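What follows is a set of notes on a single structure, which appears directly below.
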Amino acid sequence: MIGTTDITPSTSLGQYASYSLDQLHDGIVSDAFPYNGYASGFGVTSGLITLSLDQTYDLNSFSLWNDINIQSQGVRSFSLNFLDSSGMSIGTTGDLFAVSQFDAQVYNFSQTFLGVKTVELNISDSDLQIEIRELSFNGTATSSVPEPATLLLFGAGLIGLTRVRRKLV
């Protein structure tokens, strides 16, 4: 699981009362007082939350602790769009559906999304307003050390360029 300090959320959806965006990924999943999590501005039932990761990750699942209060104001449907470090989309989950429950609802991806730097949480529907207690991704940090095959290919390319240069001189 990606640690609590490894995701920085941002949005323009506003905030209801003291339920701030920084509580979206703080490691607190309890539904007891004092209540914790993010709530959008009242009446906001759809929109985008951007989740910036501290480095690139290979992601294989997403966990959502949806709101479970009496009015079930949590997320109902959403999708995840995965972006690489240059901001290019590398895939999407398509439509996912959520229920209100205490435990995390885990969404296992049909494929591992490789080299993810940013995730767009696109909420398409919620009741009354968007409320999320916590979220997390499961995966591993992308290695910054090149694989041996990549180094071999790079070396072969350099040798080829050197030979071409010698023939031209």
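Hey, any hits in the stretch 5-17 for a residue that's touching a Lys or Arg at 6+ places or on another chain (Cβ under 9 Å) and of a type outside the set (A, V, I, L, M, F, W, C)?
The answer is no, given that none of the residues of the stretch 5-17 is touching a Lys or Arg at 6+ places or on another chain (Cβ under 9 Å) and of a type outside the set (A, V, I, L, M, F, W, C).
Being in contact with a Leu (Cβ under 9 Å, 6 or more places away or on another chain), among the hydrophobic types (A, V, I, L, M, F, W, C) and surrounded by 19 or more Cβ atoms within 10 Å (Cβ to Cβ): is that true of residue 90 here?
Values: in contact with a Leu (Cβ under 9 Å, 6 or more places away or on another chain): yes; among the hydrophobic types (A, V, I, L, M, F, W, C): yes; surrounded by 19 or more Cβ atoms within 10 Å (Cβ to Cβ): no.
Criteria not met by residue 90.
Could you grab me the full set of residues in the stretch 30-52 that are β-branched (Val, Ile, Thr) and crowded, with 20+ Cβ neighbours inside 10 Å? Talk me through it step by step, then tell me what you get.
Initial filter on the stretch 30-52 (β-branched (Val, Ile, Thr)): 44-45, 49-50.
Passing the criteria: only 49.
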Handout entry: Given (1) within 14 Å of residue 125 (Cα to Cα); (2) touching a residue at least 60 places away in the same chain (Cβ under 8 Å), index of the condition residue 102 fails
Key = (1)
Exercise for the section: Answer yes if at least one residue in the stretch 5-24 is of a type in the set (Gly, Ala, Ser) and within 20 Å of residue 138 (Cβ to Cβ), and no otherwise. Expected result: no
Completion exercise
Scanning the stretch 101-115 for residues that are surrounded by 12 or more Cβ atoms within 10 Å (Cβ to Cβ) and assigned to a loop (DSSP other than H, G, I, E, B), the one nearest to the chain's Cα centre (by Cα) turns out to be 104
Handout entry: Any hit, the stretch 19-29, residues being buried (at least 20 other Cβ atoms within 10 Å of the Cβ), in a strand (DSSP E or B) and touching a Pro at 6+ places or on another chain (Cβ under 9 Å)
Key = no
Practice task
State which residue pairs qualify: first residue of a type in the set (Asp, Glu) and inside the stretch 41-69, second residue part of a strand (DSSP E or B) in any location, beta carbons under 6 Å apart, and separation of 6 or more residues or different chains.
Solution key: 58/112; 58/114; 58/139; 58/140; 67/74; 67/131
Fill in the blank from the handout: Among residues of the stretch 116-137 being surrounded by fewer than 17 Cβ atoms within 10 Å (Cβ to Cβ) and part of a strand (DSSP E or B), the residue farthest from the chain's Cα centre (by Cα) is 125
Handout entry: Tabulated pairs, the stretch 8-27, first at negative phi, second outside any strand (DSSP E or B) and among the aromatic types (Phe, Trp, Tyr), C-beta under 9 angstrom, 6+ apart or interchain
Key = 16/42; 18/35; 19/35
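Out of 120, 147, 131, which single residue is farther than 25 Å from residue 84 by Cβ and either of a type in the set (D, E, K, R) or at pLDDT below 90 (or both)? Before you say what the answer is, go through the steps one by one.
On the way: 120 fails: farther than 25 Å from residue 84 by Cβ; 147 fails: farther than 25 Å from residue 84 by Cβ.
Matching residue, one of 120, 147, 131: 131.
The values are calculated or read from the model by the stated rules, or taken from the named source; none is laboratory data. Being a predicted model, the structure only gives us computed values, none of them experimental. Because the Cβ atoms are built from the backbone with ideal geometry, glycine has one as well, and the counts that use them run over all protein chains shown.
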